[in-house]
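Student: Structure below; questions to follow.
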Amino acid sequence: MPRWGEVMPAKKTEVLPLLALLKKLYPEHIIPLHHQNAWQLLCAVILSAQCTDARVNQITPHLFKKYPTVQDLAAADLKEVEKIIHSAGFYHSKALSLIESSKRICEVFGGEVPQNMDDLLSLRGVARKTANVMLGDYFKKPAGIVVDTHVKRLAFRLGLTKQTDPVKVEKDLTKIIPYEYWGWIAIALILHGRQVCSARKPLCAQCALEHLCLKKGVKISV
């Protein structure tokens with residue numbers, strides 16, 4: 001049995017059994033962040049950086065009640081927004097990102113969240129992960145695969161990549177995962193990472209993917 005460093009990343013045909021099992025476990029594409037439109041989802045994803053989805057879902061009802069439209073938030077007072085989102089952490093930067101991205105959406109994109117990678121990346125507080133959520137999860141035209149800490153950890157453990165840098169992980173995943181799965185795979189891996197394959201104590205005995213896992217339960221925090 002080769003050591004991990006000697007194991008090559010999976011090939012496209014080798015990942016199909018894994019995708020089939022994940023589809024049985026997590027058949028639905030459900031976005032855990034509550035939202036009613038693209039702009040609300042964008043705000044929620046910006047707030048979710050180093051913050052739980054549950055916490056974001058507690059914050060956004062108040063935020064969207066006070067600022068029901070993108071125009072309202074674009075004109076908001078920074079200190080008022082900071083007070084509302086304080087519990088999300090990094091509230092100074094996040095509040096500024098919410099206001100500045102809303103301003104740009106109004107001034108440059110006619111009040112509508114843009115639907116391509118370059119334009120999304122031009123918004124303050126939006127990096128590839130956030131842009132991929134918007135394009136894949138909301139607009140249903142993914143330009144890549146969302147890579148958060150759960151996706152990165154599981155992709156490494158399952159032998160889908162040898163990389164730990166999110167951008168490099170994403171490149172490896174897009175090479176082996178068929179395009180029709182790009183929007184869904186991240187949600188499935190995130191849910192499995194939360195429920196079964198945690199960073200410190202993976203529940204390998206309860207894992208339906210155990211026989212496909214190259215790490216066989218070895219604890220690796222990545």
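The values are calculated or read from the model by the stated rules, or taken from the named source; none is laboratory data. For clarity, every value in this text was computed on a predicted model and none was experimentally measured. We place every Cβ from the backbone using ideal geometry, glycine too, and count neighbours over all the protein chains shown. Keep in mind that these areas ignore ligands, DNA and RNA; they rest on the heavy atoms of the full protein, side chains included. Shrake-Rupley method; radii C 1.70, N 1.55, O 1.52, S 1.80 Å.
Student: Over the chain, what is the relative contact order in whole percent, taking alpha-carbon pairs under 8 Å and six or more residues apart?
Tutor: On the way: 284 pairs, mean separation 47.1, N = 222.
Normalised by residue count, the contact order of the chain is 21 percent.
Student: Can you pull out the trypsin sites (Lys or Arg not before Pro) in region 90-153 whose DSSP state is coil and whose Cβ has at most 16 other Cβ atoms within 10 Å?
Tutor: Sparse-neighbourhood loop trypsin sites (Lys or Arg not before Pro): ARG124, LYS140.
Student: Can you give me the relative contact order of region 140-197 as a percent, contacts being Cα pairs under 8 Å and 6 or more apart?
Tutor: Values: 52 pairs, mean separation 26.9, N = 58.
In percent, rounded to a whole number, it is 46.
Student: For the chain, with a Gaussian network of springs between Cα atoms less than 10 Å apart, report the residue from LEU160, LEU123, LEU203 with the top mean-square fluctuation.
Tutor: Highest fluctuation among the options: LEU203.
Student: If Lys and Arg each add +1 and Asp and Glu each add -1, what is the summed charge of the other residues whose beta carbon sits under 13 Å from the beta carbon of SER101?
Tutor: With Lys, Arg at +1 and Asp, Glu at -1, the neighbours total 0.
Student: Okay, moving on. State in Å² the accessible area per residue of region 25-83; use a 1.4 Å probe, count heavy atoms of protein chains only, and round to the nearest integer.
Tutor: Per-residue accessible area for region 25-83 comes out at 53 Å².
Student: Next question. Add -39500 (n - 2.57) for each DSSP H run of 4 or more in the chain, then divide by its residues: what number comes out at 222 nm, to the nearest 500 deg cm²/dmol? Present the calculation step by step, with values, prior to reporting the outcome.
Tutor: Values: 11 runs with 109 residues, N = 222.
Calculated mean residue ellipticity at 222 nm is -14500 deg cm²/dmol.
Student: Using a 10 Å cut-off on Cβ atoms, rank the peptides 184-191, 161-168, 76-83 from the highest mean neighbour count down. Intermediate results must be reported in sequence, preceding the final value.
Tutor: Values: 184-191: 22.6, 161-168: 15.8, 76-83: 13.9.
Descending mean neighbour count gives 184-191, 161-168, 76-83.
Student: Stokes-Einstein diffusion coefficient for the chain at 37 °C in a medium of 0.692 mPa s, Rh from the Kirkwood formula over Cα pairs: what value in µm²/s? Let's see the in-between values first.
Tutor: Values: Rh = 18.4 Å.
Answer, rounded: 178 µm²/s.
Student: Hey, what did region 65-181 get for relative contact order, percent, Cα under 8 Å, at least 6 apart? Could the numbers behind the result be given before it?
Tutor: On the way: 114 pairs, mean separation 18.1, N = 117.
Once normalised by length, the contact order is 15 percent.
Student: Per the Debye formula with a single identical scatterer at each Cα and no solvent contribution, what log10 I(q)/I(0) holds for region 170-216 at q = 0.28, 0.29, 0.32 Å⁻¹?
Tutor: So the normalised log intensities work out to -1.07, -1.08, -1.12.
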